[in-house]
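Each remark here refers to the structure printed beneath this line.
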Ligand code: ADP
Ligand code: MG
């Protein structure tokens, strides 16, 4: 007897070859298989008689008996053409398949077939071209692939929708009572279909409305589970003790007064929220979300300053070495200006170690080993490094605050690894420049408190953004030439190469073949950027110094190019989208983006944020070859500099896949698809809160608890 936990290999037709492929789709058990939902449907439900087939280029479903069948081979074109004549009593129709010669043996004369596909016309008349086919068996047997609404699944190489339908359909027919983990009162309140009916309808609906109702139920269910997890995580964290760091108002006020600039109100508020969190004796779990250039570093520094004053250590982790060095520079220069020499700062990255203040430092101190030793003894107060280095091999003495730049997620496990020998959990502040729309903050980051930096600090001039149609590019180049004459520098970003996967999903369809490898894609991008580099350095700006950056360049070399660009050795830097987030080059005033319509709004906004970081007026040029629909989207960029507004828009248009960090986070597809639906998200959140109020450990909801444990387990296996 099969049940939901039965492994799929127990099904006949799932052999050792198929098993890893199904795993690749995340399918291990019957439950997973039943929850592998269609991405879309083909509506083949309108069955007509052969006499009614009359025009080319329409999708039809027909039935008939095979009267004649043969296969012709055209060797020169390596083509096998199988032609059958079918007959249903009202008329006859020619059917053609390409390169499937085995069909001739599968459909001997007399076979009754159900076919769905598109009609076409050639010099011999009307025919049905490469239709989906299915033999008609016993009269009481349902059709699976034709003459109905047919599910189309997310596929992978070697696992077609046809095969998945073939596996799933018989399971549905045998489906007994499935236990429903969604509480009955919720099912009733929202009038959701019951679980068994919903499973049947999402796979093989009679009407598309039924599929839609089922989908809505499952979307709610996933969101609800997500919210439960976030709320439970939060509760568990609340149980852990953390260092109590008292908010020393006088010391902070003095530190803030000594900064080279007045804080913005948003920075003040964020710092206040953080300092309040640190006092609680419970681990802080806060996200500091602010656009590129909004001044997150100094807010983090205030928190680190307070932490160190209280006798603890703080660490800040950056995604790359360049950014870690940048933090080291910013932080030590602020401390230096205030003559705060009693706070010791260390920089630890793959290639080097540094310490500040430098007075008492000898040659030997630039060794990584010595720096690590000092950290372990508590002689370094603030350690700066990359995620990788710090997580791997550093032991702290009294670590109380972990700041993470540009990595949104940091689990409790990772947090505790940093403080192996301590009883207290450290406070966590993660920072991101990716503007996170409200719906995402409520779901994916539902276990985090959020502080927002919306204002731009200082009185830097607003970046002027302009859409440049191909025919006006000469003017733009002239403008750029003038900026370079004034001593300014220019970024050029080259188009992203779209994968067939993205193109297909943008058109609402699925790719028919497997995914193109990342490596191939990378090479395509390298080619594009090289071409642009040649054009700019040889034709457009032959008298200027142009450099190129892409993903195939070694990290060391990349860093040298970036450093040289920062030092003013180049006028123009041509790059793929690898230019690092957060890189600060105040002298760069022009961001020029080729084929801007290929990027999402949020990403374009990120690129734009790389200029306008100094006192000079800066510009963002969006080069585009197509107008129309894309044009109107790009106009939003011309109009607003508000990253949050653009991120909301991007989420509506492109879905959440584009947000860094979200893509890799293992979020169920249905949650992803629902992220635009703020109402549904709010409902899921409030229902989750209510359930936990009634039953804090879910003791009254054993099925729900079991389901959450199952999900938790899956997450840990990854
Ligand atoms: P991000 O949020 O992108 O990490 P940074 O912290 O790197 O931004 O800050 C960007 C620049 O703005 C830095 O040069 C920093 O010194 C400066 N800055 C930060 N806050 C202010 C402020 N309130 N007024 C003026 N300049 C500021
Ligand atoms: Mg930053």
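Throughout, read-outs are computed from the coordinates displayed, never taken from laboratory work. If you're wondering where the values come from, they're calculated on a predicted model, not measured in any experiment. Neighbour counts run over all protein chains shown; Cβ positions are idealised from the backbone, glycine included.
At a glance:
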{"item": "Euclidean distance between Cα centres, the range 383-403 to the range 80-133, Å", "result": "67 Å"}
{"item": "When the convex hull of its Cα atoms is projected in every direction, mean area for the range 537-646 (nm²)", "result": "7.8 nm²"}
{"item": "The range 197-273 and the range 1-38: distance between their alpha carbon centers, rounded to Å", "result": "33 Å"}
{"item": "Two-decimal Rg/Rh across the range 47-200, once Rg and the Kirkwood Rh are taken from alpha-carbon atoms", "result": "1.09"}
{"item": "Relative contact order of the chain, pairs being alpha-carbon contacts under 8 Å that are 6 or more residues apart, as %", "result": "11 percent"}
{"item": "Cα centroid separation - the range 552-621 against the range 671-707, whole Å", "result": "42 Å"}
{"item": "Mean ellipticity per residue at 222 nm, deg cm²/dmol - from DSSP H runs of n ≥ 4 across the chain, formula -39500 (n - 2.57)", "result": "-12000 deg cm²/dmol"}
{"item": "Computed label-point distance, nm, for sites residue 538 and residue 552 using a 7 Å Cα→Cβ extension", "result": "1.7 nm"}
{"item": "Shape of the range 116-232, Cα gyration tensor, a/c cut at 1.5", "result": "prolate"}
{"item": "Equivalent ellipsoid dimensions for the range 130-194 as semi-axes, Å, which come from the Cα gyration tensor, largest first", "result": "30, 16, 12"}
{"item": "Relative compactness, the range 208-304, computed as alpha-carbon Rg over 2.2 N^0.38 Å", "result": "1.60"}
{"item": "Whole-number D in µm² s⁻¹ for the chain, Kirkwood Cα-pair radius fed into Stokes-Einstein, 20 °C, 1.002 mPa s", "result": "73 µm²/s"}
{"item": "240, 562 arranged by Cβ crowding within 10 Å, fewest neighbours leading", "result": "240, 562"}
{"item": "Cβ-based exposure ranking for 706, 559, in which fewest neighbours within 10 Å come first", "result": "706, 559"}
{"item": "For the range 249-453, average projected area of the Cα convex hull in nm²", "result": "10.9 nm²"}
{"item": "Fewest-first ranking of 472, 415, using other Cβ atoms within 10 Å as the exposure measure", "result": "472, 415"}
{"item": "Contact order relative to length of the range 249-453, as percent, for alpha carbon pairs under 8 angstrom and 6 or more apart", "result": "31 percent"}
{"item": "Cβ crowding within 10 Å averaged over residues, with 67-73, 275-281, 540-546 ranked highest first", "result": "275-281, 540-546, 67-73"}
